[in-house]
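The values are calculated or read from the model by the stated rules, or taken from the named source; none is laboratory data. Since the structure is predicted, the reported quantities are computational estimates derived from the model, not experimental observations. Here the Cβ is made from the backbone with ideal geometry for all residues, glycine too, and neighbour counts use every protein chain on show.
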Amino acid sequence: MGLLENTLIILLLIVISAFCSTSEIALAAARKLKLAQLAENGDPRAATVLALQSQPGHFFTTIQIGLNAVAILAGVLGEGAYSPLFTEALQSHVSSATTAATLGSVLSFALVTAAFVLLADLLPKRVAIVAPEAIALRIAGPMAFCIRLLSPLVWAFNGIANLIMSRFGLPETRPDDVTPADIVALSLAGMNAGVVAEQEQHFIENVFELESRTAPSLMTARDSIVWLDSQEDEAAIRAKLRAHPHDKFPVCEGNIDNVVGYVDSKDILNRILNGDALSLKAEGLLRNALILPDTLTLGEILEQFKAAREDFALIINEYALIVGLITLNDVTATLVGETLDTSDEAQIIQRDENSWLVDGLTPVGDLETLLDIPPFPDDDQFETIAGFLMYVLRKVPRPTESVDHGGFRFEVLDVDHHRIDQLLVTRLEAKAP
């Protein structure tokens with residue numbers, strides 16, 4: 001064959017190799033979730049791609065057979081087609097015919113290799129990685145045909161590869177599980193690309209936080225619960241309602257651990273407006289309170305609220321003692337994201353650019369999010385920043401005692417009845433202006 005025929009055949013081999021390279025990247029990178037959606041919408045090509053992905057050994061074997069066969073054939077043809085030309089051109093510049101032949105072979109090899117690297121490998125793969133699903137849909141049919149055409153070779157090579165992988169205990173299929181971390185990473189990538197709004201990304205991240213945080217990380221602590229005693233008279237009830245205008249109040253008998261129910265402030269208001277006597281023993285005023293264990297996650301608590309049609313619950317520990325109170329608003333605040341409130345009742349109050357006053361009951365997750373603090377060590381052992389200090393110091397800290405973590409210092413400012421009431425959090429290295 002002449003130079004023109006060899007060149008045309010090499011170009012055809014480049015096209016075949018480019019098809020194999022594109023198919024390899026597109027089929028491997030195509031996202032199964034997106035393909036499944038397309039298949040559900042009636043696109044048969046998506047179903048073909050999913051079938052190919054379910055048996056990656058088959059299409060990888062077919063691709064490797066094609067790539068290697070094409071590369072070997074192109075090398076042979078390139079040597080025969082271009083080596084004489086380069087040798088003839090170099091003979092007038094070098095003294096030895098052997099040297100000219102050697103250089104001609106090297107230049108011929110370099111030319112063919114460069115053409116394959118650029119046109120058959122690099123460019124096709126870069127195109128495929130940009131739009132893997134779209135390309136996978138287009139090449140699915142031809143690739144399925146190639147697999148059937150080379151099925152004897154595919155069966156032989158794939159069987160040997162499977163045998164070797166099984167001997168070494170290597171997995172033969174790609175795992176299909178999608179973890180919460182994967183979804184959060186995808187939403188973050190979408191936000192960086194501008195296709196997902198920042199608040200949407202934060203919402204997605206907070207949804208998964210519901211399953212990682214338990215009731216103690218969010219509940220109102222036992223000492224802060226405002227409750228009514230079933231034996232209290234009207235004056236005492238009115239005074240407590242006036243001082244603490246909450247929607248609902250737990251009702252206990254004698255002490256907070258003896259819960260008999262709860263009252264809604266709207267029912268109390270109706271009785272006052274109707275001129276009725278205000279008594280917690282009045283018929284229809286007392287309702288059954290939802291009691292939940294402190295081991296439940298926020299997601300499980302949300303399900304309990306939905307099932308019981310309630311929006312608040314009392315939290316008990318393993319000894320059946322009341323340890324806190326949690327409301328639906330508390331859980332939804334976690335979903336939408338809490339802001340850095342500057343009011344006196346806020347858990348985190350910023351003093352200046354590098355220091356914050358923090359309530360001891362502040363969940364460590366809130367500090368990690370708001371202050372960009374690295375994850376706390378052994379954070380499965382505690383829920384609040386006070387718990388972190390006691391876990392690290394192995395005692396109830398005294399004022400001025402501190403712990404350093406992640407470039408921040410956590411210093412105890414006030415301890416009230418063995419409870420860490422307030423801390424000063426300081427960034428050890430101030431941010432550059």
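The combined condition, being buried (at least 19 other Cβ atoms within 10 Å of the Cβ), of a type in the set (A, V, I, L, M) and farther than 18 Å from LEU361 by Cβ, is fulfilled by LEU241.
Matching residues to (1) free of Cβ contacts under 8 Å to residues at least 40 places away in the same chain; (2) under 19 Å from ARG31 (Cα atoms):
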site: THR99; (1), (2): yes, no
site: ALA115; (1), (2): no, no
site: LEU123; (1), (2): no, no
site: VAL127; (1), (2): no, yes
site: ILE135; (1), (2): no, yes
site: VAL154; (1), (2): no, no
site: ALA181; (1), (2): yes, yes
site: LEU188; (1), (2): yes, yes
site: GLY194; (1), (2): yes, no
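Set side by side, the residues THR113, THR98 differ, and just one is surrounded by 12 or more Cβ atoms within 10 Å (Cβ to Cβ), at pLDDT 80 or above and polar (S, T, N, Q), which is THR113. In region 295-338, the qualifying residues are those that are farther than 20 Å from ASP223 by Cβ, touching a helix residue (DSSP H, G or I) at 6+ places or on another chain (Cβ under 9 Å) and part of a loop (DSSP other than H, G, I, E, B), and the one that is modelled with the lowest pLDDT is GLU338. For region 277-290, the tally of residues that are loosely packed, with under 14 Cβ neighbours inside 10 Å and either among the hydrophobic types (A, V, I, L, M, F, W, C) or modelled with pLDDT of 80 or more (or both) stands at 2.
Only residues that are part of a strand (DSSP E or B) and of a type outside the set (A, V, I, L, M) were counted in region 217-242, giving 2. Restricting attention to region 116-137, the residues that are surrounded by 14 or more Cβ atoms within 10 Å (Cβ to Cβ) and either outside the structural domain of ALA69 (by TED's automatic domain parsing) or charged (D, E, K, R) (or both) total 3.
Output yes when any residue across region 69-88 is assigned by TED's automatic domain parsing to the domain that holds LYS32, more than 18 Å from PHE19 (Cα to Cα), charged (D, E, K, R) and surrounded by 15 or more Cβ atoms within 10 Å (Cβ to Cβ), and no when none is. Yes, region 69-88 has at least one match. The condition of being assigned by TED's automatic domain parsing to the domain that holds MET219, of a type in the set (Lys, Arg) and over 36 Å from the mean Cα position of the chain (by Cα) holds for only one of ARG309, ARG287, that being ARG287. Of all the residues in region 194-231, those that are over 21 Å from the mean Cα position of the chain (by Cα) and either more than 21 Å from LEU302 (Cα to Cα) or at pLDDT below 80 (or both) number 8.
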